[in-house]
Amino acid sequence: MDPKPRTELPAWLIEKSTSTKRQAARTSFLQRNQRHLRALLTRLAQPAPVIAKRRWHLAPQINLIRLLLLVFLIALINNVTLLWCLAILLGFQLLLLSPSQLRRFVKSWFVSSLVALIFVLPSYWLTGPSTLLFFGLKTSLMLANAQYYRLTTPFQDLLSGLKALHCPDVLIMTCAIAITYLRMLGQHLLLTMEALELRTVAPAKHPYRLIGAMFGNLYLKSYSYALELYAAMEARGFNGHYVRTTTPHNRWRDYLSLSPDILVLILFIFWGN
Amino acid sequence: MVLIKLANLCYDYPNTRGLDHLSLTIDAGEFVCLMGPNGSGKSTLLRILSGLASPKSGEYQLHGQAVTAAYLTDAQQRQQLHQKIGMVFQNTDVQLFNTSVAEEVAFGPRQLGLSASAIEQRVNDCLQLTACEDLRDRVPYQLSGGEKKRVALASVLALNPEILLLDEPLNGLTIAAQRQMLTLLQRLQAAGKTIIMASHNFQQVQTVGQRFIIFNRLHQLDADMSQADLQRQPERQAQLMTL
């Protein structure tokens, strides 16, 4: 505060403030949904769930290959028995999860399946209920595998897996920044909304102008933050190449974990549909 | 007169505890300093007091009115609470969302339904009190950390709140600016405002705080003492100096 501030307080600031009771005004769409938006942002801004160590630590690339192979198989297989085999395989894996992890799995799987169902439902009018059921089951099985991977694989393992599979560095960096950055942006937006709420003492006259200002501000902040982040990474020796960290793992264990999926693949190739 | 009453207040974050069985009362017109190490629960308490968070258990009363999660779901009651309580965030970056400093300060008074001249008067007064007159037409986004703190305080003062919650308001300010802000806060307190300020820097606040509420690392109340009591305990002062 280098310039000299005024010393005496104005009269309105000395007066005891009286909270004005207002007539219940028609609340805007933003106000009605502010709490829901805050809850959503709180979820987004939460720290990443702690991944429990697996009993069998597999190489990150094997985990990734397993997931891709499973998704690929589920997408191609039209045989109910083979799909049932894959579901049982997943069921065995789920048995190894802790109760809290299992709860989290069920919750996120249910929500994601519900969202997916919205996209699957139109097929009812095209092909009837049996196809809808089959297609819905396949989609939810795919999502279950993806959720299991998300729940049991640390973010760093995903990056290591991508690197081991010779994924371009630009893609890995984009993925790394997007995931860490999304959380930070969510946190920022949440705090801004809280600050806005604290200074909202009446329904806003121009809520959309306010939303525009908030998101404009967010864009500017994210832009400058991205530049600062990259400069900080460069200052710490980052040259655009991700270094692959080697983790000790048992090669036989890796192959063993892949074998059930490969067996299903072989069955699919020779037994087919 | 008891303004704030907290009884057995507990708050939990998803993976950790925020506050552990906190009970205290704060009278109107007090200058309270919340002291404690990082993550001890100072900011959490400010969030609860401002109505941004609801305690997991325990009771929070303001003017004898229980501020519960149900109370906060009512938009009108929430807005009345926000008119009584103003808060300056630790990270003032998130608090400034308007296109100019003058707009930022006018944001609150504009909602109170004041006349254009009264709003202008409030904006001028607040900018003068916080020595931000020269920043009037600047974009808040481009201000320095210290300037943002001053603008944030000005924008909160413009609503004439009864209670001022300040989360580390002196961080990022020059020594001279710190002194000026503390003088302003003392004047506001003399005018009847209740000031609750979180800080981990005892040196900055030891002369202005009337009462010191000290938290420990377990998110519990470690001590609650007046400035005079604290003066008599050099070992406690030494402990606060090392926070």
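The values are calculated or read from the model by the stated rules, or taken from the named source; none is laboratory data. On a predicted model such as this, the values are computed, not experimentally measured, just so you know. With ideal geometry, Cβ positions are generated from the backbone for all residues, glycine too; neighbour counts draw on all protein chains shown. Areas reflect the complete protein model, heavy atoms only, side chains present, ligands, DNA and RNA absent. Shrake-Rupley method; radii C 1.70, N 1.55, O 1.52, S 1.80 Å.
Overview of values
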{"item": "Lysine pairs with alpha-carbon atoms under 28 Å apart, chain B, spacing 8 or more or separate chains", "result": "15"}
{"item": "In the B-A interface, the accessible area buried, summed over both sides, Å² (probe 1.4 Å)", "result": "5000 Å²"}
{"item": "Mean Kyte hydropathy of 1.6 or more with a Cα span along the axis of at least 20 Å, helices from DSSP in chain A", "result": "A:60-76, A:80-95"}
{"item": "Exercise: per-residue mean of other protein chain Cβ atoms within 10 Å, B:124-134", "result": "4"}
{"item": "Stokes-Einstein diffusion coefficient of the protein assembly as shown, Kirkwood radius over Cα pairs, 37 °C, 0.692 mPa s, in µm²/s", "result": "123 µm²/s"}
{"item": "Part-to-part distance (alpha-carbon centres) for region A:70-127 and region B:89-128, which is given in Å", "result": "52 Å"}
{"item": "Longest segment of chain A lacking trypsin sites (Lys or Arg not before Pro) that sit in a DSSP loop with at most 12 other Cβ atoms within 10 Å", "result": "A:56-204"}
{"item": "Relative compactness, chain A, computed as alpha-carbon Rg over 2.2 N^0.38 Å", "result": "1.40"}
{"item": "Theoretical ellipticity at 222 nm over the protein assembly as shown - DSSP helices of four or more residues, -39500 (n - 2.57) apiece, nearest 500", "result": "-18000 deg cm²/dmol"}
{"item": "Neighbour net charge for B:Gly145 - beta-carbon separation under 12 angstrom, K R +1, D E -1", "result": "0"}
{"item": "Debye equation applied to the C-alpha atoms of chain B, log10 I(q)/I(0) at 0.11, 0.13 Å⁻¹", "result": "-0.57, -0.81"}
{"item": "Pairs of lysine residues in chain A - Cα separation under 22 Å, sequence separation of 8 or more or cross-chain", "result": "4"}
{"item": "Separation between Cα centres of region B:193-233 and region A:186-205, rounded to whole Å", "result": "29 Å"}
{"item": "Three semi-axes of the equivalent ellipsoid, region B:98-144, Cα gyration tensor, whole Å, largest first", "result": "19, 12, 7"}
